[in-house]
Amino acid sequence: PKWRGAAPIARALWSGDSMTGVSLMRITAGLDQGPVFATASLEITADDTTGSLTAKLAQTAATLLIENIAAINAQSLTAEPQNDALASYASKFSKQEGLINWHKSATELHLQIRACNPWPMAFSYFAGTPVRIIKAHVELESSSATPGTVIDISKRGIIVACAKHCIVISVLQLPGKKQMPVAACFAALKSWQGQCFTIQPG
């Protein structure tokens, strides 16, 4: 596997990989270093999150195991050694990795938001309150506004300036509230326009 460690799916997403997959390997003392019996690849779509991709890979893994378990048990399938030079360490996520730095590009932040869903969830602060960003997409519109500034709010979502291009937040979650689409409450959020998300509560 390209990614070895605690969070391979999330790290693949955050890195912008276009493909991922599963491997049937023999367990060894090294971290995910065992020889591989079989692999299956899966395309990462633009809407995939760590949660959705985990579900897809679980199904892919089950199918791959069913197709190969008999041959593995019969020792008729040869396990091929991995090329360690092609591997990267997929470290465990921390809650703080969900904090959004708006001085990054919209593309980078979109990857972060997807990788952090369902945990730890991407978040930012607005008027001192933590706001979870559940779903968003990249808007190729450019803005001269300070990164983090809410440029516009409509049923399409909350458009926020980034270092390059903009992020459109379509689903968010306020403290103590359920996740909600911006389209269902955009009128109540209109006062946010022109104000800024921040990386600190104060």
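The values are calculated or read from the model by the stated rules, or taken from the named source; none is laboratory data. Just so we're clear, the structure is a prediction, and the values are computed from it rather than from any experiment. Please note: Cβ atoms are built from the backbone with ideal geometry, for glycine as well, and neighbour counts cover all protein chains shown. Note: areas computed on protein heavy atoms with side chains; ligands, DNA, RNA excluded. Shrake-Rupley method; radii C 1.70, N 1.55, O 1.52, S 1.80 Å.
Listed values, structure above:
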{"read-out": "5 angstrom amide H check on T149, placed H, neighbours 5+ away", "value": "A161, F197"}
{"read-out": "Carbon/sulfur fraction of accessible area - segment 6-125, other protein chains in place, 1.4 Å, %", "value": "55 percent"}
{"read-out": "Accessible area of segment 1-151 divided out per residue, in Å², using a probe of 1.4 angstrom", "value": "54 Å²"}
{"read-out": "Per-residue SASA entry for F197, accessible area with 1.4 Å probe, Å² rounded to 10", "value": "10 Å²"}
{"read-out": "3J(HN,Hα) from dihedral phi, segment 145-158, Karplus parametrisation 6.51/-1.76/1.60, rounded to Hz, x for glycine, proline", "value": "5, 4, x, x, 6, 7, 7, 7, 9, 8, 5, 5, x, 9"}
{"read-out": "Relative contact order (%) - criterion: Cα under 8 Å, at least six apart; region: segment 1-91", "value": "42 percent"}
{"read-out": "Coordinate range along principal axes, alpha carbons of segment 13-132, Å, largest first", "value": "63, 26, 20"}
{"read-out": "Calculated from backbone phi, Karplus (6.51, -1.76, 1.60) coupling profile of segment 65-72 in Hz, x at Gly/Pro", "value": "5, 4, 5, 10, 4, 5, 5, 5"}
{"read-out": "Proximal charge balance of M121 [Cβ under 12 Å; K/R count +1, D/E count -1]", "value": "+3"}
{"read-out": "Extension gain, A127 back to A184 (0.36 nm per residue minus Cα-Cα distance, nm)", "value": "18.4 nm"}
{"read-out": "Cα Rg, Dmax, segment 78-202, angstrom units", "value": "16.6, 63"}
